[in-house]
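Novice: For reference, the structure I am asking about is given below.
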Amino acid sequence: MPVLARGPVLIAEVVPMVGGHNGFLHMRAGYDWLHEDLKARVETHQDRLSLRYGLDNLGHPTKAADGEYSGYGLFDGPVPVLALENIHPETGRVSLLIGRHPHAFHGLEARQSQRLLQQLIYFPCHSPPIYHQKLAPGDALV
């Protein structure tokens, strides 16, 4: 991917009456909690992102190429590939960078990729702080 976004923007259009909280993980703390062997693996592997795989995996099958979900990530061509770590350009601080729809790690078989992904997600999910925000229609998070 030639240009990496510096941050996401989440805009609430419709929110449920109950639940609907958004959680944000501290990915720098998650990286810090990794064992040294996992940090070494993060340095050497890249994450392949596939919106089609991610939606299918969640039980939301994708539509035909002329349908609602045609576009970025929903094609049969090469998928975007990202590094698993992000190094802050000014501070040098390392954080985990796990895409929205991780599909496979470059150089690993599917089962190995899933195991590594589970390990990488476990630490940020269990290391404070985790921030939760309840949104109202029209709210935006940057």
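The values are calculated or read from the model by the stated rules, or taken from the named source; none is laboratory data. All figures in this text were calculated on a predicted structure; none of them were measured in a lab. Cβ sites come from the backbone with ideal geometry, for glycine too, and all protein chains shown count toward neighbours.
Novice: Of the residues that sit in the stretch 96-142 and are surrounded by 15 or more Cβ atoms within 10 Å (Cβ to Cβ) and part of a loop (DSSP other than H, G, I, E, B), which one is modelled with the highest pLDDT?
Specialist: 135
Novice: Okay, next question. If you check residue 52 against the conditions, is it surrounded by 11 or more Cβ atoms within 10 Å (Cβ to Cβ), among the basic types (Lys, Arg) and modelled with pLDDT of 75 or more? Explain how you work it out, then say what you get.
Specialist: Details: surrounded by 11 or more Cβ atoms within 10 Å (Cβ to Cβ): yes; among the basic types (Lys, Arg): yes; modelled with pLDDT of 75 or more: no.
No.
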